[in-house]
Amino acid sequence: MRISVIGCGYLGAVHASAMAELGHDVVGIDVDARKIEQLAAARPPFFEPGLPEILSTATESGRLRFSTDIADAADAEVHFIAVGTPQTPGGHSADLTYVNAAFEALLPHLADGALVVGKSTVPVGTAARLAARLAEAAPQASLAWNPEFLREGFAVKDTLEPDRLVYGVASDDAAAILDQVYRAAIEAGTPKVVTDYATAELVKVSANAFLATKISFINAMSEIADASGADVTALADAIGHDARIGRRFLNAGVGFGGGCLPKDIRAFTARAEELGVGESVAFLKEVDQINLRQRQRVIDHAVQTLGGSAYRQRVAVLGVTFKPDSDDVRDSPALDVAVQLKGLGADVIATDPEGIENARARHPQLDYTSSTDEALHGADLVVLVTEWREYRALDPVATAARVANPRIIDGRNVLDPAAWRAAGWEYRGLGRP
C-alpha cells in the first residue's frame, strides 16, 4: 500500500522503516530538516537495535523516502500520525500541540477514501474530536486509532511481529484497510482487537499504568524488605510462580523512566480528573511517588556506604540511559542518581555504551567516559543503575582490582550478592539483606 508517516521521531522512524520492510511504499514526513536528512541517508538519529539495517534496506530499495513537505504525502492511501505527546510544561496533561498541528496540516492533502490512523498516545476522547473535525473538513476520508506498544530496544521486532493489534474504528472499511497494512502479522496469527475509538485510546495508557503499578508494587515491597531483613528477589520469585501474577516486571530496583511510562500515567490521571473520575486512578499518584522514591533510596544507600558523606568521593555511575539497549535519557533514574550525587559533592564519573552524548546535552556538569575501565579506576564507590549486559557480566574479582574501595550499590538487583561479597566487596541492593 501507499503509506505516509507524519512525524519521524522514535515511533515514526521505526514505523516507517518497518512498513517499508513489509513491502509498502512509504514516505516519512517531519518538519525537522536535519532529522529528515539523516534518515534519508539511512542514519537513524537515535540508537535502536535493528533499525539501521531495515532503514538502509528500505531506502536503497526505493520503498522508503523522507520529506519535509507534507504535500508529498498526498498520494498515500493510509496516513499514520506518529508525533509526540509530551507532558505540558508545568502540568501533567498530555500536550496535543503536535498531534493537532499534524492533523490540520494533513487535511488539505487527503485523497478520496484515505484513512488517517493515529499512533500517538493521546488522552481518551481525542480521536472522537478529530473524527468530527475530519467529517467537517475532509469527509472523503476516515479515521482510525491504532495504538503502538513498542519497547525501546525491541521496537523493530515489536512493529514487525506485534504481540497484538488494536484497531479503534468507526467502520468495517477502516478495519479492512488496516488488515491490508498488517497482513503479514495477521497471517502469522497475531491477535487482533477491533473496538471503538475510546477503548483503543485507553488500551495503551491502561497497559502502561498496569506495568508501572506492578513495578512500583515490588519496589514498595523492597522498602519493607529493607526494613525487615527480607529478600525482595526471593519474594518476587515466590509470588511470580502464581500464574495470576507472573514474574515479569517484578524486579525491584531504581525504578522506571523514559519518555512513556512516567508522562503517560500522569496524563492518564489528569484526564481522569477532567472526566470527573479522578478517584478511580488516584492510586497512580502513589505509584509515581514510589517510583521517584526509589531514586532517593539509591542515593541514601550510596551516602551511607560512603560513611555518611559523598563529598570529594569518587563515584563511578554505570549507566545513564533509562534502560539498556537504548540511548534515551528522558526521565532516566540513572542520570538522575548521577546528578544528585554530583550535587552532594561527589566526584562523579558516568559511563554508558550509548547514552553519553544525550546525557551530556542535558547535564554537561557531569564527567563522562565511554570506557567502563576508566570509570571504575580509583572509584570509592560503584553505582550500577542501568542493567546493560556488560555491567551485569562484570567479574567481581577483576573489578575489585580497578577500584580504590570495593563498594557497590546494585541499583537494579542484577548482580549475585554472594559472588561479589566473596570477592571482598561491600554489596548493597534494594530490598536484599
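When shorter helices are ignored and each DSSP H run of at least 4 residues is given -39500 (n - 2.57), the per-residue value for the chain at 222 nm works out to -13000 deg cm²/dmol. The long axis of helix 333-343 is offset from the longest Cα principal axis of the chain by roughly 50 degrees.
Going by a ≥ b ≥ c, the root eigenvalues of the Cα gyration tensor, does the stretch 196-433 fall in the rounded group (a/c under 1.5), the prolate group (a/b larger than b/c) or the oblate group? Prolate is the answer for the stretch 196-433, as a/c is 1.5 or above and a/b outweighs b/c. Placing R0 at 25 angstrom, the Cβ-Cβ distance between residue 374 and residue 33 gives a FRET efficiency of 0.10 after rounding to 0.05.
Rounded if a/c is under 1.5, else prolate if a/b is larger than b/c, else oblate: which is the stretch 2-195, with a ≥ b ≥ c the root eigenvalues of its Cα gyration tensor? Because its axes are fairly even, with a/c under 1.5, the stretch 2-195 counts as rounded. This ranking places 425, 145 by how few other beta-carbon atoms lie within 10 Å of each, fewest first, which gives 425, 145. Extension gain, residue 273-residue 357: 0.36 nm per intervening residue step, less the Cα-Cα distance, totals 26.4 nm.
Using R0 = 60 Å, the C-beta based FRET efficiency linking residue 199 and residue 344 works out to 0.80. Would you mind checking the tilt of helix 126-137 against the longest principal axis of the Cα atoms of the chain, expressed as 0 to 90 degrees and rounded to 10? Its long axis makes an angle of about 30 degrees. Residue exposure proxy: 17, 228, 332, 67, ordered by other Cβ atoms within 10 angstrom of their Cβ from fewest to most, comes out as 228, 67, 332, 17. The distance linking the stretch 363-433 with the stretch 284-352 is 13 Å (Cα centroid to Cα centroid, whole angstrom). To the nearest ten degrees, helix 197-228 and the longest principal axis of the Cα atoms of the chain are 10 degrees apart. Maximal additional length on extending the residue 210-residue 88 stretch stands at 41.7 nm, based on 0.36 nm per residue less the C-alpha distance. Residue order for 288, 32, 112, fewest other beta carbons within 10 angstrom first, comes to 112, 32, 288. Pairs of Cα atoms nearer than 8 Å and 6+ residues apart set the relative contact order; for the chain it is 12 percent.
According to the Kirkwood relation over distinct C-alpha pairs, the hydrodynamic radius of the chain is 23.2 Å.
Considering only beta bridges that DSSP places wholly inside the chain, some 5 percent are antiparallel. Please find the FRET efficiency linking residue 242 to residue 283, where r is the Cβ-Cβ separation and R0 is fixed at 30 Å, and quote it to the nearest 0.05. Between residue 242 and residue 283 the formula returns 0.90.
Where a number appears in this text, it was derived from the coordinates with a stated rule and is not lab data. Owing to the predicted nature of the structure, the values given are computational and were not obtained by experimental measurement. Cβ sites come from the backbone with ideal geometry, for glycine too, and all protein chains shown count toward neighbours.
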